[in-house]
Amino acid sequence: MAPAGTGGGVVVYVTSHGFGHLHRTAAILNRIPTAIPIAVKCHEDLFHGWTGRLTRPVELFPYCSDVGAVGPPGDSARIDPKATIEQARARHAEAMKRLDAEADWLRNRRAQVVHADAPAVPLAAAKRAGIVSYLVANFTWADIYAPYARDLGKPAERFVADLRQVYRSATQLLRVEPALKMRWLREQETLGMVVNRGRNRRGELGQLLNLDRKTRLVYAYLGRYGQADLDWSRLERHAARGIHFVAYHGPETGCPRNLHVVPSDAWPGGDLIASCDAVLAKAGYGTATEAMASGAPMIYPPRRGFSEYRVLDRALRAWGGGVTIPARDFHELRLDRALERAFAARPGLLPFATDGAAQVARRLVNACRGKSSRPAS
């Protein structure tokens, strides 16, 4: 990715937990003029994820100060609380030891504003360097870890308390809906949803797959649910009803005739959501907000042990296009009733505005132009 400059501008820190935060951040960065340099600091494993999502140049630097939530291998629907807290404490302690070095890096970079979605340590580094910082999030890891810590005892609870104190280093929380309340962060402002709104390419998709216009299309994004164990054959029973599925992955052998695998570089998730009649996926922030913005009913399983799920589920239900399905039915692809409910759904008004990305970008640009609030003291 071409460099965007050698200093100044915005420094962006993105959590190491999956691509959802990266995807959301890209929607914001694409709204910042190219004249403003942007440096992105994230885990090296996420570097390739920016390709195709960004429409402007940035500089990429390796950095990692958190682990997010840790789940059993091959199952992103569940969380391992003990492993999460243990790994998060160790990573956080290592990052705090390098706090002075990170603050020096920001000074040498001549950074004008720090954007964090949603690691805590960079906010403390920005405060130490005297730089305005925005925490852009719908939750913090302290909120996610708090229920685990109550079950694991005092050391875990002290870690969560310490983590909250580090988060308080932020100049301001820009709370992007749907979001947890995070009332323990005093300086906050509530914004709309941050949405990567896709393009409706239904005609092009139908021609590519050689499908009739009356065919009902379902975008299936199954994530890391252990796809090798899925009973893909269950999808084929829906072909007789003119229902076809579009996905990025399928079985190595015996692919159902109504399951179509498309390349992600040519067909971003937002475009598929906007081009299909329904979505089958876990309720992550990006997928849920894009489904709501595109008016595509969404079928999703419960996600136990992850606080974000509650606010996303509440928003999807309030909108009228959220269709819940038992976790077992999701994993076994028993979709008959869920599909009927999704196709019959008539979503109402969006629960939140969709201008969150533009609002965050405006604040970052203003900070670079000297119009932002003072750094946290």
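Here, each number is a calculation from the coordinates, and none is a lab measurement. Bear in mind the structure is a predicted one, so any value in this text is a computation, not a measurement. In this analysis, Cβ positions are derived from the backbone assuming ideal geometry, glycine residues included, and neighbour counts consider all displayed protein chains.
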Local net charge near Ala266, Cβ-Cβ under 14 Å (Lys/Arg +1, Asp/Glu -1): 0
Stretch gain in nm, segment Ala239-Arg202, where the contour uses 0.36 nm per residue and the Cα spacing is subtracted: 11.5 nm
Centroid-to-centroid separation of the range 131-152 and the range 11-69 [C-alpha atoms, Å]: 19
Long-range lysine pairs (8 or more apart or interchain), the chain, Cα under 19 Å: 5
Positive minus negative residues near Cys276 (Lys, Arg vs Asp, Glu; Cβ under 13 Å): 0
Listed residues His43, His23, Leu335: farthest to the positive end of the dipole of the chain (Cβ charges): His23
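Quick check: from the Cα gyration tensor, does the range 87-135 come out rounded (a/c under 1.5), prolate or oblate?
On the way: a/c = 2.80, a/b = 1.49, b/c = 1.88.
Oblate.
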Of [x] 0.94; [y] 0.98; [z] 1.21, the label for Rg/Rh (Cα atoms, Kirkwood Rh) derived from the coordinates: [y]
Distance (nanometres) between label positions extended 7 Å along Cα→Cβ at Arg317 and Arg337: 1.6
Label-point gap, in nm, between Asp229 and Lys82 - each point 7 angstrom along Cα→Cβ: 2.0
Peptides 270-280, 164-174 ordered by average Cβ neighbours within 10 Å, highest first: 270-280, 164-174
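Order by neighbour count: Arg56, Arg328, Arg314, fewest other Cβ atoms within 10 Å first, most last.
On the way: Arg56 16, Arg328 9, Arg314 13.
Going from sparsest to densest Cβ surroundings: Arg328, Arg314, Arg56.
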Footprinting exposure proxy for Ile28, Ile79 (fewest neighbouring C-beta atoms within 10 Å first): Ile79, Ile28
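Using the crude model of +1 on Lys and Arg Cβ and -1 on Asp and Glu Cβ, and no other charge, please compute the dipole size for the chain relative to its Cα centre, in debye to 20. Can you show the working numbers first?
Values: 53 positive and 36 negative charges, 228 e Å.
Dipole size: approximately 1100 debye.
Can you give the local net charge around Ala357? Use residues other than it whose beta-carbon is closer than 10 angstrom to its beta-carbon, Lys and Arg +1, Asp and Glu -1.
Numbers: positive: Arg24, Arg31, Arg197, Arg362; negative: Asp355.
Local net charge: +3.
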Whole-Å distance, taken between Cα centres, linking the range 160-211 and the range 324-341: 26
